[in-house]
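Novice: The structure's right below; bear with me while I get my questions together.
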Amino acid sequence: MNRRVVYTRGGLPADVLTVIEEPEPAGPERGQVLVRTTAFTVHPGDLQAVEAHPGKAAQPVPAGLEATGVVEAIGPGARVAPGVEVGGRVTVFPQPGAWSQWIVTDAEAVFAVPDELSDEVAAQMLANPLTAVMLRREAQEHMAVGYDGLLVQTAAGSSVGRLLTGVCQFHNLALVNVVRSDRGAAELRKRFPDVPVVSTAHPGWADEVLKAAGGRPVSVAFDPIGGKLAESLLDLLAPGGKLVSYGLIAEEPISLHASTLLNKSLTLRGRSIGRWLSEASAERRASDVATAKQIALALKDQFEVAATYGLGELADAVEHAVRPGKVGLVLVRP
């Protein structure tokens with residue numbers, strides 16, 4: 001049998017996600033690959049998609065977009081990526097329904113996993129590193145060569161935040177990290193002792209960011225939270241600066257007066273993996289995937305796993321995935 005995670009209506013993921021059983025897939029058709037899943041991670045974005053699903057679906061909606069596993073069969077005419085072969089370890093992304101024991105997917109969504117990477121890293125090898133690649137490009141497109149600007153990112157202790165910190169260090173991009181607790185700040189300083197960290201637990205945290213900047217203008221801010229925190233980042237930006245929003249954590253909207261944008265000529269931009277998938281050319285996607293693999297190899301120690309669950313513990317896994325203060329992503333072994 002094949003066990004997979006589905007939902008039929010939007011709502012709290014722990015309430016609406018269910019595991020169903022069905023016959024194992026017969027095999028891949030033309031252009032497809034059959035993968036036996038060994039692990040998948042519960043991304044916050046996956047859960048947001050479940051909560052936001054409108055109404056009641058006529059058919060069960062498959063959950064998840066990313067998983068790692070082993071190739072069991074390759075269909076006729078499938079143009080597989082280099083290194084993808086029967087018996088080989090792969091990561092599948094983006095694949096609706098990745099939270100399943102077996103995945104039948106188009107060959108273009110299957111990528112070989114380097115031998116140096118564990119399943120724990122392979123299960124999160126693409127979505128988060130690709131987000132870091134996307135954000136780095138936003139910074140480089142905005143900051144002219146020789147411009148003495150500085151980056152600020154919130155939720156810097158998150159999985160994406162840690163990867164982006166490592167990427168910025170590699171490319172010599174000045175950065176100030178922002179987290180929500182002193183404990184989180186201390187943990188991040190241990191990981192990246194050369195990168196300033198500020199906690200929003202202090203009322204004067206915005207002044208601390210400017211002090212850490214040392215007189216350099218804050219040219220770009222990255223924020224997956226929104227709400228009041230994003231408003232504070234807009235105040236921190238130097239004239240001509242840009243706020244890049246890439247998440248939906250806060251429930252309240254970003255409220256601002258038009259003068260905030262006009263007086264300093266600010267840019268407010270939204271970015272997401274979904275937009276990257278729909279907008280990037282085939283050449284860009286291939287290049288970015290290769291870069292994501294390099295990030296995974298170079299920063300594999302930053303791919304933390306908060307806990308590991310089985311499919312029978314799905315509700316516990318989902319609850320843990322949104323637990324405040326967790327470090328790393330929640331892994332499921334189907």
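The values are calculated or read from the model by the stated rules, or taken from the named source; none is laboratory data. Keep in mind the model is a prediction, meaning the values are calculated, not measured. Cβ: placed from backbone, ideal geometry, glycine included. Neighbour counts: every protein chain shown. Accessible surface areas use protein heavy atoms only, side chains included; no ligands, DNA or RNA. Shrake-Rupley method; radii C 1.70, N 1.55, O 1.52, S 1.80 Å.
Novice: Could you say whether any residue in region 76-83 is over 14 Å from Lys293 (Cα atoms), among the hydrophobic types (A, V, I, L, M, F, W, C) and at pLDDT 95 or above?
Specialist: yes
Novice: While we're looking at this one, here's another question. With the condition kept exactly as written, say whether any residue in region 249-258 is over 22 Å from the mean Cα position of the chain (by Cα) and surrounded by 14 or more Cβ atoms within 10 Å (Cβ to Cβ).
Specialist: Yes, because at least one residue in region 249-258 is over 22 Å from the mean Cα position of the chain (by Cα) and surrounded by 14 or more Cβ atoms within 10 Å (Cβ to Cβ).
Novice: Please tell me if Leu266 is over 17 Å from the mean Cα position of the chain (by Cα), at negative phi, surrounded by 15 or more Cβ atoms within 10 Å (Cβ to Cβ) and not β-branched (Val, Ile, Thr).
Specialist: Against the criterion (over 17 Å from the mean Cα position of the chain (by Cα), at negative phi, surrounded by 15 or more Cβ atoms within 10 Å (Cβ to Cβ) and not β-branched (Val, Ile, Thr)), Leu266 qualifies.
Novice: Can you find, within region 109-159, the residue that is farthest from Pro196 (Cα to Cα) among those that are more than 20 Å from the chain's Cα centre (by Cα) and in a helix (DSSP H, G or I)?
Specialist: Restricting to residues being more than 20 Å from the chain's Cα centre (by Cα) and in a helix (DSSP H, G or I), the top hit is Glu141.
Novice: Related question: If Glu252 passes every condition in (1) in the same structural domain as Val110 (by the TED database); (2) in contact with a Gly (Cβ under 9 Å, 6 or more places away or on another chain); (3) of a type in the set (D, E, K, R) but one, which one does it miss?
Specialist: In the conditions (1) in the same structural domain as Val110 (by the TED database); (2) in contact with a Gly (Cβ under 9 Å, 6 or more places away or on another chain); (3) of a type in the set (D, E, K, R), Glu252 misses (1) alone.
Novice: With region 48-102 as the region, which strands (runs of 3 or more DSSP E) entirely inside it contain at least 2 residues that are closer than 22 Å to Asn128 by Cβ?
Specialist: Of the strands (runs of 3 or more DSSP E) lying wholly inside region 48-102, those with at least 2 residues that are closer than 22 Å to Asn128 by Cβ span 67-74, 89-92.
Novice: Could you tell me which residue of region 15-63 is farthest from Glu85 (Cα to Cα), considering only residues that are open to solvent by 50 Å² or more (accessible area, probe 1.4 Å) and among the small types (Gly, Ala, Ser)?
Specialist: Going through the qualifying residues, I end up with Gly55.
Novice: Only one residue in Arg191, Arg137, Arg180 is open to solvent by 40 Å² or more (accessible area, probe 1.4 Å), without any contact (Cβ under 8 Å) to a residue 40 or more places away in the chain and in contact with a Ser or Thr (Cβ under 9 Å, 6 or more places away or on another chain). Which one?
Specialist: Only one candidate passes the filter, namely Arg180.
Novice: It is to be established whether one or more residues within region 195-212 are part of a strand (DSSP E or B) and in contact (Cβ under 8 Å) with a residue 40 or more places away in the chain.
Specialist: yes
Novice: Can you tell me which of (1) open to solvent by 40 Å² or more (accessible area, probe 1.4 Å); (2) of a type in the set (D, E, K, R); (3) touching a helix residue (DSSP H, G or I) at 6+ places or on another chain (Cβ under 8 Å); (4) at pLDDT 90 or above is the one Arg271 doesn't meet?
Specialist: (1)
Novice: Turning to a different aspect of this structure: Regarding region 47-56, can at least one residue be identified that is small (Gly, Ala, Ser), assigned by the TED database to the domain that holds Val104 and on the phi < 0 side of the Ramachandran plot?
Specialist: yes
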